[in-house]
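Take a look at the structure below.
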């Protein structure tokens, strides 16, 4: 073989291998996400009555209604095409309600009565895609309030950890002082303790300052853990910003605060964005401490957690709750992603 | 414009680590003053004290009658060009130049006029909307320069502004800096470790070494009447040749040669009789000559052709000596060269203290 074609072949093999590896990783990462989202849109029937469980909810629904001695029987089409009887009776009101709950469709009593009069008949009503989401919020008490509480806790956590941690990071990067190294390690000390083990003293402390079962109290606890990480991220970012840039601002008329605001802060934005993202995700996902530190005012993960454990609720509803919980983290990361890559030459995360 | 005055300025770190021993220094109105010295000599500390970025341990800084020693940098009415340009990477060229003016709350139209005028002066008016990461090093330095010019400072500070540029660009910027200075007439303090840069830019040079000022003078004075062995060795390229000689009866005696001192030196030589001195001879003062006239004849070890001239190097004992010869005839390694000292330019230094011996 000619050397050039050999080289081409080798290059081809290399790219192919790379694509296989990348695709494999993507599949591994995306499979659980896909299963979760898919499950959150499935009807009760699809989630519980099919074997094997379908990978995706069916695009449409087909009903069949037939007259029997006892009245009418309503059947629904399964994935394999056969019809399975769903309910039998004469009360269109009750039968439609049962069908709606089982199949996530918008079947009304009037529609069913109409079909009964023309029985036997087959038809396909519209599927209600968001039925599980609606049901989740209906059956989980206080889920809406918990969602907003979670947003509040996350924002306060970000605010606190970014201001305190960011300024501390700046101090670590710019000033030499006694105990600097020890202190920098010290801020990581609080992260050593697992949330569960530190939860009891936190209950006592928050209780004594009147913040037990309050979102603010929870945010304080999260912020303390988050500050250490923020300090480390921002300190390395501030170290990467040449001191000369600040000195130039000083010489050219800026005060200390002005130089920080106009020069240092915009340059540190990637690091601050990364810290904000970590703080958001940590606060948003945290369940165990929230479980202990709240009683009547839980955050959203606690609600989802309880939905998962509750034997009465069902897995497709819990999946809907989980997607609602995952979505803000995805959106938040997506929104700040452009700040996280290096925006200007020379300053990288 | 007012003079810049430093009185008794020093900087000490910790208990007794002196970055700068107490110095007095004046940059006169419109003067281009260059602080020259090797790294760690205190020149950067000095300029940073003037800028207000470093707090002096002792002393005062005045601009005219105004004492600025304890003022924050922003109130000193001076501007600075930094070694790494220090142009703000998140601002466009326009904003980099305009930002200081905006901080001064100047009217918008005036800012716009000033930015355009100054960027034109340094030939970057076509780059106004670019970000620094889209510029070359030379262009960035021009942005820094335009920014420093735009604020119309009382004193201009430049901390090794050319050291990050490549050799050709450095030469070009040097010429432009000189031209801009002639146009603006701003009192300028310029820090460099490059003696050629200092020679070509300065009205006066301040040679610094180990936190002390060794000599202040015009480039000519520094070059031909160096105050110490250190200055003589630091200035000039190739550097001066040094020979340890003994004064004996109006002559300088080295174990390879003997030279008669000129008449102007005779009285001084009488006082130094029998002492060991160091003779400094610059390469261009070692002239190729006929064998009969020569103070020194040696076989050439290396020839460096330079186009306009050639540098000839040979060994004298363990020392390498360099001389400058005309471009022709072409000399070759191994050939014997006969050299004569041009004695009107000779410099003598105390071999113990390194201090200059005056004629």
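A short reminder: the numbers here are calculations on the coordinates, not readings from a lab. This structure is a prediction, so every number in the text was calculated from the model and none was measured. Heads up, the Cβs are rebuilt from the backbone with ideal geometry, glycines too, and the neighbour counts pull from every protein chain shown.
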### Query
How would you rank B:88, A:148, going from fewest to most other Cβ atoms within 10 Å of each one's own Cβ?
A:148, B:88
### Task
State the antiparallel share, in %, of DSSP beta bridges confined to chain B, rounding to the nearest 5.
75
### Query
Helix A:143-160 versus the longest principal axis of chain A: what is the Cα-based angle in degrees, 0 to 90, to the nearest 10?
10
#### Entry: R0 of 51 Å, Cβ-Cβ distance residue B:292-residue B:203: FRET efficiency to nearest 0.05
0.70
### Task
Taking only Cα atoms and a 10 Å spring cutoff, compute GNM fluctuations for chain A and point out the largest among A:315, A:196, A:303.
A:196
### Task
Could you compute the FRET efficiency for residue B:95 and residue A:243, with r as their C-beta to C-beta distance and R0 at 25 Å, rounded to 0.05?
0.75
#### Entry: Label-to-label distance, nm, for residues given as residue B:8 and residue B:311 (7 Å Cα→Cβ offset)
4.5
## Note on the structure
The helix A:300-309 Cα axis meets the longest alpha-carbon principal axis of chain A at an angle in degrees, between 0 and 90 and rounded to 10, of 40
### Summary
Length gained, residue A:204-residue A:129, 0.36 nm per residue minus C-alpha separation, equals 22.5 nm
### Query
If you rank A:151, B:245 by fewest surrounding Cβ atoms within 10 Å, what's the result?
A:151, B:245
### Task
Please work out the Cα convex hull volume for segment B:1-157 and give it in Å³ per residue.
131
### Summary
When B:173, B:347, B:320 are ranked with the fewest other C-beta atoms within 10 Å first, the list becomes B:320, B:173, B:347
### Task
Apply 1/(1 + (r/R0)^6) to the Cβ-Cβ distance of residue B:267 and residue B:163, taking R0 = 60 Å, and write down the FRET efficiency to the nearest 0.05.
0.85
### Message
Checking a compactness column here: for segment A:1-104, what do you get for Rg(Cα) / (2.2 N^0.38 Å), N being the number of residues?
### Response
1.90
## Note on the structure
Helix B:108-121: inclination vs chain B longest Cα principal axis, degrees, rounded to 10, gives 20
## Note on the structure
With label points set 7 Å from each Cα along the Cα-to-Cβ direction at residue A:181 and residue A:59, the distance between them in nm comes to 6.6
### Query
If you wrap segment B:1-85's Cα atoms in a convex hull and average its projection over all directions, what's the area in nm²?
5.9
### Task
Calculate the radius of gyration of the Cα atoms of chain A to one decimal place, then report Dmax, the largest Cα-Cα distance, as a whole number, both in Å.
28.5, 96
### Task
Beyond 44 Å, what share of the Cα-Cα pairs of the protein assembly as shown is found? Please give it as a whole percent.
55
#### Entry: Per-residue mean of C-beta atoms belonging to partner chains within 10 Å, peptide B:85-94
5
